[in-house]
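Laboratory data are not the source of any read-out in this text; all were calculated from the coordinates shown. Just so it is clear, the model here is predicted, and its values are computed rather than measured. Because the Cβ atoms are built from the backbone with ideal geometry, glycine has one as well, and the counts that use them run over all protein chains shown.
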Amino acid sequence: MILNRSQRELLLPLGVAVALSLTGDSTLYAVLPNQAEVVGVSLGTVGVLLGVNRLVRIPANPLAGILNDRLGRRRLFLLGLSLGIVSTLAYGLVRGFWPMLAARLLWGSAWALINVGGYTMILDRSSREDRGRLTGFYQMFYLLGLTLSPLVGGALTDALGFQPAVAACAGLSAVGLAVAAMALPETGPERPAARSKPAGLRLAFGQLLALRHSEPRVLLAAGLYFAIFFVSSGVLMSTIGLYLDQRWAGGLTVGGVGVGVASMAGGMLALRSLLGIAAGPAAGTLSDRLRSRWPVVGFGLVLGLVGFALLAAGGGVLSVAAGVALVALGSGALIATLAAVVGDQAAGSRQGTIMGILATAGDAGSAAGPLLAYGLAVVMDLRWVYLLCAGTLALGLASVAAWGREARA
C-alpha cells in the first residue's frame, strides 16, 4: 500500500484545498499584465504586485511555523484559506496600486499559513520510512494547482471579464475551504496544559537561531532549497520567454504551422509543471526505499545542472526543451526530497518552526532569482546567466559530496 488510511484521510482534503487555494494568485500571474488598465495600475507596477507576496512571506513563514507549533495546525490552515479567499475577492473589488498591494500582501500572509501548515501536517502523519512519498504526493497536488489554475483563470477572464473571473476563482477556493473544514483532521500533538502558557516569541526565535549550531543537515537542506528555487522558480521561470524571444523572435514553423514565442514559452512552462508533478512522488518514494535521501538529492542536482548546461549551450529548440525538462525533473525531485530530509530532523515540538525555515529559503530564492537574472541580462547574454545557474547547482552538489558522511541520515 502506497499510503495508509490516516495518510489518505489527510492528503486528499489537504491537497484539494491547497490546489484550489492557488486559483486567484495563479490567475493574476496569467492575466494581470494585460488587465492592468482594468485594475487601475500601470504596467510598470505589475512586477511589484506579482512579486511582493513572495517578499512578505520571508518574515511570515517563520512566524507561521512558530504559531503552528504553539497553536496547532488545522485552525491556522483554515485561517490561511479564508484570508486567501478574501484576497482573491479583493482583486476584483479594488482599483489602484495601493489597494492591490494590500491584497497581495494579504495573500502572501495567507499562503505562509497554508504552505507551512500543510507541510507540517504532512510531517505529523509520516515517518522516516514513508515521508518521501507523502511529501511527493503533496507536491503533486500543489503543482497540479499551479498547472491548471492559470488555464482556468485565463479562460474565465476571456469569457467573463476580469472581475467575474476572480470572483469565480474565489468561489473555487471556497470549495477547497469547505472540503478542508469538513474533512481535514488536526494532526498536531496534544500538549500539556502547562505548555499553553505563553513563553514569548523571543524564545521561539531563539530556537531558530539555535539551529545554526544543532542542525547542520537542516541548514544544508535549506541552502539547497534556496538554490533550486532560485535557479528554477526564480531565474528560469521568469526568463524563458525572454530567452526564446532572443533566439527565435519571429517564432518557428512546425509541420507547416507557425508557433509564436508566447506559445512556446507557455508550452515549456506547462511541461515544467507536468514533469514536476511526476518527479516529486517518484523521487520521494525512491528516497524512502534507499533509506538515505542524499543520493536522490545528488541525482536531482545533476539533472538540473545538465539542464542548465543545455540551455547555456544555445542549441536548437529540442535542446532547449530538453534543458527545461531536465531542470523540471531535477527541481521536482529536490523539492520533495529536501522537505523529507528536513522532516527527518524535526522533533515533534519544532516541526512547524523548521518547515517555516525551509519555506523561507524557497521564497527568498524565488524572489531573488528574477531580480538577479534581469540585472545580469542587461550586461550579458542569458546563456551566461544559465551557465551561472549550472555553477550554482554544481556548488550544491559539491556541498553534498563534502558533507556526505555527516549529512546522510
Checklist outcome for this item: Classified through the alpha carbon gyration tensor (a ≥ b ≥ c as square roots of its eigenvalues; rounded if a/c is under 1.5, else prolate when a/b is larger than b/c, else oblate), the chain comes out oblate
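Ratio to report: Rg/Rh of the range 213-409, with Cα atoms as the point set and Rh obtained by the Kirkwood method; give two decimals.
On the way: Rg = 17.4 Å, Rh = 17.2 Å.
On the Cα set of the range 213-409, Rg over Rh gives 1.01.
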Checklist outcome for this item: With -39,500 (n - 2.57) per DSSP H segment of 4 or more residues and division by the full residue count of the chain, the 222 nm estimate, nearest 500 deg cm²/dmol, is -28000 deg cm²/dmol
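Using a/c under 1.5 as the rounded threshold, could you call the range 79-160 rounded, prolate or oblate? The axes a ≥ b ≥ c are square roots of the C-alpha gyration tensor eigenvalues, and prolate needs a/b larger than b/c, oblate otherwise.
Details: a/c = 3.95, a/b = 1.77, b/c = 2.23.
Oblate.
Say a site is exposed when it is one of the GluC sites (Glu not before Pro), sits in a DSSP loop, and has at most 16 other Cβ atoms within 10 Å; what is then the longest site-free stretch of the chain? Before the final figure, lay out each step's value.
Numbers: sites that count: 129, 186, 190.
It runs 191-409.
At most 13 other Cβ atoms within 10 Å and a DSSP loop assignment: could you name the trypsin sites (Lys or Arg not before Pro) in the range 284-330 that fit? Before the final figure, lay out the partial values.
Values: sites: 289, 291, 293; in loops: 291, 293.
Filter output for the range 284-330: 291.
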Next on the checklist: Quick check: pseudo-label points 7 Å beyond the Cα along Cα→Cβ at residue 376 and residue 183, how many nm apart are they?
Outcome noted: 4.4 nm
Item to check | Unit charges at the beta carbon, dipole of the chain: most positive-side option, 189, 362, 387 | outcome: 189
Checklist entry - Using only the Cα atoms of the range 1-183, what do you get for the radius of gyration and for Dmax, in Å? => result 16.6, 53
